[in-house]
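The values are calculated or read from the model by the stated rules, or taken from the named source; none is laboratory data. The structure presented is a predicted model; accordingly, all values stated were derived computationally and were not measured. Please note: Cβ atoms are built from the backbone with ideal geometry, for glycine as well, and neighbour counts cover all protein chains shown.
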Amino acid sequence: MRKLLFFFVAFSLSLGSVFAQSGKYLEFDGSSRYMKIPHHSDFNVTASESFTISMWVYVPDIPSGADGRYLAKRCTNTAINKSGYEFIGAYRTDQFFGTNSPGTTGTHALSKWSSGQAGKWTHIAFVVDKTTENAYQYVDGEEVATSSGANVSNWVVDNTFDVYIGCGLRGDNQDLTYFNKFYADDIRFWKRALSASEIVADQTATVTAATDGLIAAYDFENISEDNIVEDIKGNHPATLVGFPTKGNIEITGSTVVQDNNYSGRGNDNEEILRLELTTKGNTSVAFDKLVMNMNGTTDINEIEEVKIYTTRTSSKFDPRKPLTGVAKLLATVAPQEGEMTIPLDGTITPGINNIWVTFKVKETAKEGNQLDAEVISISTELETHTFENGNPAGSREIMLRRTLVYGPGDYGSTNYRIPAITTADDGALVILTDKRKYNSGDLPQDIDIVANRSIDGGKTWSEPILVAQGTGYGKGFGDVAVIKSNTGKLVALYVGGNGLFYSVPTNLIRTYMSTSDDNGQTWTSPKDITSQIYGPECSDPVRSQWQGLFFGSGHALCTRDGRLMAVIAVREPGMNGLQNYAVYSDDDGETWHVSNRAIVGGDEAKVVELNNGDILMSSRTSGNRLWAKSSDGGVTWGSKNNWPEITGNACDADIIRYTSTVDGYDKDRILHTLPNHSARRNVTMWISYDEGTTWPVKKTIARNTSAYSSVTILPDGTIGVYVEEDENAPAYKMYFLNFSLDWLTNGADSYTAAGTEVVAQPEISLESGKYDPPQTITLTTATEGASIYYTLDGSTPNKNATLYTEPIVLEESATLKAIAIKEGMANSTVVSATYTIGYVIPGQYMAVGPDRYLTNVTTEDGIANIDYAASAAPASHYIYHKETSVSAVQGKTFKLNLTALPDQADGLQFCQAIILVDWNQDYDFADEGERIAIIGNRATNNSATVMNISQAITIPATAKLGKTRIRVVYSDAWRSTSYKDLGEDPLHKGRMYDFNLIVEDGTSVNDVLASELRAFPNPVKDFVNVVLPKSGNYTLTLNNLEGKTIETRNIRINQEGEYRLDLTSFSASTMILNVKHESGFEKSIKLMKQGK
């Protein structure tokens, strides 16, 4: 065993650097570790003193902490003393190192940000030179910021705060906060201003107590047993707080984190679980073994290898480069059924250890199968640690492809954004991306546009192909829309130069075009087409006054007759926000024209051509997606509308044609993407089968943080999406996704080649409408031999839905959807009908997000009680739970308990809860006393009141006896004030839950059973219905007249009702049916069984 303490030899982290940190260093965890140097006047600065601080930092991940501090002698948000200095970072790559340095007057010597990168040692320095009256900021020996001549001669620091490394102070109570996750070494303070050449030399210089002007220095080579860090000068020893104690490393706790992102066939090092181990002690100990299983994996034969890695304190892992930085491979084993004991080759290190369980997925894995694992224990040579929850909820579902194309830092760029994708005539996939080299910002930042090709369906991608190269701030390019013309030419439209909201007539954001005639392998230089679109050079008097614009990036349109079309979002004088116009060309991009205004208050937008030649535009907004339609090829536009089904974040999205009956396909299909969430997460794909009128089918395609997306159709008919996903990275990662229509629709629809015969859609015998119960419905199809499958909850039917074999009897409201399927033919379209039978089931005004649902509903103090639970979001906004009911007596009180999914950014806390009971059983909740409560306030976060509700409900003495309905409505707290809140308003980003309530009169169970328990029909030919008037456990016994038992059934019913007994297999005879209730009551009924 080698003694590591809480620092490590770091030469392996800095290979390739001209200058580099060396020796031991200190590791801060971003949560509890810091170093404190007691206050001394040496660390203050008088009016006559110059001052320098330098240090080495290594940031494993960005962001390293919320406003994290590398170093601070300052307290923010206080009136005690405003003077001080602090080093801030790393919030973003362009905010890697910042200085705040307020003097006693509040004026900063320097307050600037500079850029840097994670995964490398970086030398940072701050200099205040009273002789030149300037302050300077350095990164790796280069001056990156200056006070620009501002007089710093009066800059004074005279506070009594201690110096903190790894955190800072806030507020009048001097609370410790701003914890930062990074490594530090060679922290040095001088009472003189180091010159630029001395800062360069400081990167490799060794300092001693005699070094000129040095007041304190810390190299961490000598730390005492009680965590005291020596000052090289010997004057200012520092104390370490929160660092490991001495002794062998022991595991003190663990958290297992499930990766639930989609996976892809053929992917290696796919993260399944991350094991976060916390430890105490500082002497390294060897790992021994990991015990786990692959429970939850659909087919372990689809996994080629299981590999275990450690990334120590870093919670980031790049499956393309798994051994980056401090990462180490601990084990590689073959998968196996049951418990796996995996020997580990490596050591556990002080502090947090991140262990990764990864799979190598075979190329032959089945789309839709799940990847999962459970960890049981992990052992070192000294102990075994058992995981409390080794298999958190979730798993990874396999797509045809999920390929990481770009990540932060690739090809020297800190960020990539803005996806665009198309399928070239040679079958290759072509993507275009903003290479945001220095930060994540839009124009006027320095941005390149790069293209890549894939000739194997998105599994691998070419090296970047430069389309447009930025050459500095205000000289970049971005936001590309790509069109494949009918000639096969690829046309890229984009903007460059000034930013959209910086654009002025004298310095416009300009429009450009590049084209490719070889399927994206090479591109023409940017061609400025601004004068054709807008600005002072434009001949159109209205457009010449426009202030700025940009293209809706992604996949743009080529119509059947060859018109190229994209959409611009325009800043117009005298108008708020952005307005949408179509830009089109009828000569393959040689000249461009602009339509009339299409959508007021729009943003990034896309267009698709409908079968009748109309153009449908979809535009970005918050909430329900905007649309408008043109009937003259995109020149003029109709009124602005929105879709109730497509709702989410104000984000760029895509809309494209998938198939058309005009082209001989079985169905008309249009696809649409958008983050189906108030935040940028949960990118979802919708399908329309009626030319964009309705969007009945949707599925999440990116489960977590996700934003812009662009869609294309591959030559094999599968769907490709190029999308931004975050996964808590320092910046977006760019993924290519590929999946089938069968997967997207959960088996309800499949892609078939043009000309395939289609099953005739089912015919529903009863039209949508409001009816009294019960109603009988029949389903038929004209295709002989086809099977019909249906659902009643509004979900899309497939082969796993209910097979239609007999007429459907509806006792309550339902949305019926049906599909007809026959082998060798394309599935029919899904048909639907909505029935209000009894109670009204309202639709949605704005669709509910996936985080707004109840996890538990229970009742207490009833004769029988409700017990409802949900571990995932329901498929519909309406849930009718019939499996359990509450029964209670007139005049008595029971308690209704409602528990919502907690800790969600867009959960039910932003709703009000409305509780209703239909006391008179007239199928509404509008009568006096039927609204029990409205819980929560309007237009506010109601987390304190609506997330856990316990509502007492007293049954009126006048309530009608028998079965009635409890309705619980969660509707957005910002819904319209016109809502009556009586259970029939359209749902506004909420859900509705119905439950059965059985009102009883207090008559004894035996009296009710004696008077109401019966069987009919009698005589009986095939089925007999046994009326069971009380809930509970029953034993039903059939005996012949000789007393011999023919059949016994034990059943439980949660509410009064009927139980159907099948007697078709019995011959004609007289039988005795004995019914026994759990109360002890018993009744015998003579049955006359007739022959067939």
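For the reader, a short list of remarks on this structure follows.
- In the set Asp448, Asp434, Asp425, only one residue is part of a loop (DSSP other than H, G, I, E, B) and at negative phi; that residue is Asp425.
- The listed residue being of a type in the set (S, T, N, Q) and over 29 Å from the mean Cα position of the chain (by Cα), out of Ser709, Ser660, Ser622: Ser660
- Every condition in (1) exposed (fewer than 14 other Cβ atoms within 10 Å of the Cβ); (2) under 14 Å from Ile53 (Cβ atoms) holds for Gln137 except the one numbered (1).
- Region 200-216: number of residues that are surrounded by 11 or more Cβ atoms within 10 Å (Cβ to Cβ) and within 18 Å of Trp56 (Cβ to Cβ): 10
- Lone qualifier among Thr899, Thr940, Thr945 - being part of a strand (DSSP E or B), more than 19 Å from Ala847 (Cβ to Cβ), within 28 Å of the chain's Cα centre (by Cα) and of a type in the set (Val, Ile, Thr): Thr899
- Complete set of residues in region 1026-1045 that are surrounded by fewer than 14 Cβ atoms within 10 Å (Cβ to Cβ) and of a type outside the set (D, E, K, R): Asn1033, Asn1040, Leu1041, Gly1043, Thr1045
- Among the candidates Asp186, Asp212, Asp172, residue that is over 22 Å from Ser48 (Cα atoms), acidic (Asp, Glu), assigned to a loop (DSSP other than H, G, I, E, B) and assigned by TED's automatic domain parsing to the domain that holds Asp42: Asp172
- Residue that is among the aromatic types (Phe, Trp, Tyr), surrounded by 14 or more Cβ atoms within 10 Å (Cβ to Cβ), under 14 Å from Leu1036 (Cα atoms) and at pLDDT below 90, where the choices are Phe1081, Phe1066: Phe1081
- So Tyr839, is it surrounded by fewer than 22 Cβ atoms within 10 Å (Cβ to Cβ), in contact with a Ser or Thr (Cβ under 9 Å, 6 or more places away or on another chain) and not in a loop (DSSP other than H, G, I, E, B): no
- Contact map, region 642-669: first residue within 20 Å of Arg703 (Cβ to Cβ), second residue of a type in the set (A, V, I, L, M, F, W, C) and modelled with pLDDT under 95, Cβ cut-off under 8 Å, separation 6 or more or different chains; pairs are Glu645/Ala847; Ile646/Ala847; Thr647/Met846; Thr647/Ala847; Asn649/Ala679.
Yes/no matrix, rows are residues, columns are (1) at pLDDT 90 or above; (2) among the β-branched types (Val, Ile, Thr); (3) in the same structural domain as Cys167 (by TED's automatic domain parsing):
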site: Ser31; (1), (2), (3): no, no, yes
site: Tyr34; (1), (2), (3): yes, no, yes
site: Asp42; (1), (2), (3): yes, no, yes
site: Val45; (1), (2), (3): yes, yes, yes
site: Ile53; (1), (2), (3): yes, yes, yes
site: Asp61; (1), (2), (3): no, no, yes
site: Tyr70; (1), (2), (3): yes, no, yes
site: Asn77; (1), (2), (3): no, no, yes
site: Asn81; (1), (2), (3): no, no, yes
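- Which listed residue, of Val917, Val889, is more than 38 Å from the chain's Cα centre (by Cα), of a type in the set (A, V, I, L, M) and over 30 Å from Arg681 (Cβ atoms): Val889
- Odd one out for Thr752, checked against (1) buried (at least 16 other Cβ atoms within 10 Å of the Cβ); (2) in a strand (DSSP E or B); (3) in contact with a strand residue (DSSP E or B) (Cβ under 6 Å, 6 or more places away or on another chain); (4) not small (Gly, Ala, Ser): (2)
- Meets criteria (at pLDDT 95 or above and assigned by TED's automatic domain parsing to the domain that holds Gly720) for Asp442: yes
- Of the listed requirements (1) crowded, with 19+ Cβ neighbours inside 10 Å; (2) modelled with pLDDT under 95, Ile955 misses just one: (2).
- Unique match (being in a loop (DSSP other than H, G, I, E, B), in contact with a helix residue (DSSP H, G or I) (Cβ under 9 Å, 6 or more places away or on another chain), touching a residue at least 40 places away in the same chain (Cβ under 8 Å) and not assigned by TED's automatic domain parsing to the domain that holds Lys733) among Glu363, Glu367: Glu367
- Every pair of residues 6+ apart whose Cβ atoms lie under 8 Å, when the first sits in region 946-972 and is not assigned by TED's automatic domain parsing to the domain that holds Gly891 while the second is in a strand (DSSP E or B) and buried (at least 19 other Cβ atoms within 10 Å of the Cβ): none
- When restricted to residues that are surrounded by fewer than 18 Cβ atoms within 10 Å (Cβ to Cβ) and part of a loop (DSSP other than H, G, I, E, B), region 336-345 contains 5.
- In region 382-397, the count of residues that are of a type in the set (Val, Ile, Thr) and surrounded by 22 or more Cβ atoms within 10 Å (Cβ to Cβ) is zero.
- The listed residue being surrounded by 16 or more Cβ atoms within 10 Å (Cβ to Cβ), over 20 Å from Val711 (Cβ atoms) and either touching a residue at least 24 places away in the same chain (Cβ under 8 Å) or in the same structural domain as Met734 (by TED's automatic domain parsing) (or both), out of Leu610, Leu549, Leu626, Leu557: Leu549
- Every pair of residues 6+ apart whose Cβ atoms lie under 6 Å, when the first sits in region 1070-1092 and is among the hydroxyl-bearing types (Ser, Thr, Tyr) while the second is in a loop (DSSP other than H, G, I, E, B): Thr1070/Leu1041
- Selection count where residues are small (Gly, Ala, Ser), crowded, with 19+ Cβ neighbours inside 10 Å and modelled with pLDDT of 85 or more, scope region 104-117: 2
- Close contacts from region 843-869, counting a first residue that is at positive phi and a second that is at pLDDT 90 or above, with Cβ to Cβ under 7 Å and a gap of 6+ residues or different chains, come to Asp861/Thr893; Asp861/Phe894; Asp861/Lys895.
- Breaking point among (1) in contact with a helix residue (DSSP H, G or I) (Cβ under 9 Å, 6 or more places away or on another chain); (2) at pLDDT below 95; (3) not charged (D, E, K, R), for Gly664: (1)
- Thr132, sole failed condition from (1) closer than 23 Å to Thr414 by Cβ; (2) of a type outside the set (Phe, Trp, Tyr); (3) in contact (Cβ under 8 Å) with a residue 60 or more places away in the chain; (4) outside any strand (DSSP E or B): (1)
- Scan of region 147-195 for residues that are under 17 Å from Ser101 (Cβ atoms) and among the aromatic types (Phe, Trp, Tyr), ordered by number: Trp155, Phe161, Tyr164, Tyr178, Phe189, Trp190
- The residues of region 517-541 that are under 16 Å from Thr433 (Cα atoms), buried (at least 19 other Cβ atoms within 10 Å of the Cβ) and touching a Lys or Arg at 6+ places or on another chain (Cβ under 7 Å) amount to a single one, Gly520.
- Elements of type strands (runs of 3 or more DSSP E) contained in region 228-283, each with 1 or more residues being closer than 14 Å to Trp356 by Cα and not assigned by TED's automatic domain parsing to the domain that holds Glu27: 250-258, 270-280
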